[in-house]
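Heads up, the thing below is written out as structure tokens.
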């Protein structure tokens, strides 16, 4: 027990007050979705998700969700196939580049998405001409948005593993570089790679600014469209998305703890 | 002049000295392949981070026909634009302060929880989710809670006869941003400030007690002075976070440009705002100057604060 901790009473007061501030809007949203105009309560709106009569209203959401999931997969691919190998390379062969690399990787935190989108607009005009205006092209921008989060997760794993010794041992036993990276280093970094992938999925599913201003249909922009016809559907999807992200973050937390245990 | 000739002399000397040149060539041949591995990532970052940033900052200096102009940047001095920046800074400052204070209190209460326990783990995960929650979904939650048909709003009106919108429906105006912003500022504070608070050593408290100090003298003389750099750094991060936030405001205020990001939206989606083209670039420049200064201060203070967390 930490001697600096406040008394049980102080702790409970803080917990209850702050907990209420965070719980009330969520509970209110849940009530909002089940309360009918005549004052009764029913799950009709939740059942409406599977009602063929609602299909036309819901269509933008399913399209947007499909696009967002595709974007999540491509963004994770960028993280695993471009960022992670480069981080391994920098840590093994160019340790002097690490500060510069870290600066570049963390830079997107300091650049608001709304500022980035002003510069992305002309680039996406060109992309639209060459690669088409499909939603999947947004993944290039999203790869930058998730960069700081993914970098931190993977770097924590890299710091916990003696990559140099592992690589040298594998090399001296005759392994080529592809084998070293795929069969020796990647399994040792799996916690960081998993956390980086999951947080990328969470960020991509929640992204609105870039997609909205570049006129691409994703999950979040679809909810704004649907809200204009039916205010209750976005509330239902918000609760579902929150639950999904909460579970995702619990998994990440477990993965991070695994890394910490491996270190100690 | 002298340095150049010196360098040249060194180069000539090394080229002439036998043995050194071949060895250098052999050593250089391996890294030359490894360098290639950096190319994809470097190209990607240049194309989608460096170029957009330069474009967005630079575009404010050019008119639509490509000629250089000061008029867009001069628009940053327009009373309307200045007012928007003041609104943004005001909301960010207020929510950063409230978020930092409440978040610090939550961290303080969390000291009493077992770091490996279920409650602590759940609070950590919840803070992680809610800190990322500042999007359109947060706007929906507040519309469902205190919107015109909102559950809490209707409940207050029917049970107590309190009309929270007696002075106008402020939820869709500037004041409406305050509650939603605090909703994501507090969890962010918990995430960023908790490591600093957890790094306070119990031994310091024991030393304080052994030397005749009290609980309050511990916080006044040791705890708060040690934590204040971390607190200030977190406060700056929260400010930048609110200042950059766009989605919640965009979903709540579907028209109007009360804060800078919304004014950028207006400048991007309509051809001319305030009778100027490329105003979005000038506004983006203004934003990045503010956020850049705040984040530079943040990393400066954070580096100083990290001293106590070793």
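Figures for the structure shown
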read-out: Unmet criterion (only one of (1) within 11 Å of another protein chain (Cβ to nearest Cβ); (2) crowded, with 18+ Cβ neighbours inside 10 Å; (3) at pLDDT below 90) for residue A:161; value: (1)
read-out: Residue in region A:39-52 that is more than 25 Å from the chain's Cα centre (by Cα), free of Cβ contacts under 8 Å to residues at least 60 places away in the same chain and within 13 Å of chain B (Cβ to nearest Cβ) present; value: yes
read-out: Options A:63, A:33; residue that is within 11 Å of another protein chain (Cβ to nearest Cβ), closer than 24 Å to residue A:239 by Cα, modelled with pLDDT of 85 or more and surrounded by 13 or more Cβ atoms within 10 Å (Cβ to Cβ); value: A:33
read-out: Residue among A:229, A:220, A:191, A:155 that alone is closer than 28 Å to residue B:268 by Cβ, more than 10 Å from chain B (Cβ to nearest Cβ) and either touching a residue at least 40 places away in the same chain (Cβ under 8 Å) or not in a helix (DSSP H, G or I) (or both); value: A:229
read-out: Test: residue B:125 is modelled with pLDDT under 80 and facing another protein chain (nearest Cβ under 7 Å); value: yes
read-out: Criterion: surrounded by fewer than 20 Cβ atoms within 10 Å (Cβ to Cβ), modelled with pLDDT of 80 or more and facing chain A (nearest Cβ under 8 Å) - qualifying residue of B:141, B:152; value: B:152
read-out: Residue tally, condition in contact (Cβ under 8 Å) with a residue 60 or more places away in the chain, in contact with a helix residue (DSSP H, G or I) (Cβ under 9 Å, 6 or more places away or on another chain) and farther than 30 Å from residue B:228 by Cα, over region B:75-107; value: 5
read-out: Conditions (1) outside any loop (DSSP other than H, G, I, E, B); (2) touching a helix residue (DSSP H, G or I) at 6+ places or on another chain (Cβ under 6 Å): number failed by residue B:163; value: (1)
read-out: Single residue of A:186, A:150 found to be modelled with pLDDT of 90 or more, under 25 Å from residue A:102 (Cβ atoms) and within 21 Å of the chain's Cα centre (by Cα); value: A:150
read-out: Among (1) more than 10 Å from chain A (Cβ to nearest Cβ); (2) in a helix (DSSP H, G or I); (3) in contact with a helix residue (DSSP H, G or I) (Cβ under 6 Å, 6 or more places away or on another chain) - the single one residue B:180 does not satisfy; value: (1)
read-out: Filtered residue count, region B:55-82, keeping only those that are exposed (fewer than 11 other Cβ atoms within 10 Å of the Cβ) and assigned to a helix (DSSP H, G or I); value: 2
read-out: Residue in region B:203-217 that is surrounded by fewer than 19 Cβ atoms within 10 Å (Cβ to Cβ) and closer than 23 Å to residue B:98 by Cβ present; value: no
read-out: Listing of helices (runs of 4 or more DSSP H) fully contained in region B:196-253 that carry 3 or more residues being within 24 Å of the chain's Cα centre (by Cα); value: B:224-244, B:247-252
read-out: Members of region A:66-96 found to be farther than 25 Å from residue A:245 by Cβ and more than 10 Å from every other protein chain (Cβ to nearest Cβ), listed by number; value: A:91, A:95, A:96
read-out: Some residue of region B:166-176 being surrounded by 15 or more Cβ atoms within 10 Å (Cβ to Cβ), more than 19 Å from residue B:94 (Cβ to Cβ) and touching a helix residue (DSSP H, G or I) at 6+ places or on another chain (Cβ under 7 Å); value: no
read-out: Total residues in region A:128-140, condition surrounded by fewer than 18 Cβ atoms within 10 Å (Cβ to Cβ), part of a helix (DSSP H, G or I) and either touching a residue at least 40 places away in the same chain (Cβ under 8 Å) or within 10 Å of chain B (Cβ to nearest Cβ) (or both); value: 1
read-out: Single unsatisfied condition, residue B:157 versus (1) surrounded by fewer than 23 Cβ atoms within 10 Å (Cβ to Cβ); (2) assigned to a helix (DSSP H, G or I); (3) within 13 Å of chain A (Cβ to nearest Cβ); value: (3)
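The values are calculated or read from the model by the stated rules, or taken from the named source; none is laboratory data. Computed from a predicted structure; not experimentally measured. Note that we place each Cβ from the backbone using ideal geometry, even for glycine, and neighbour counts take in every protein chain shown.
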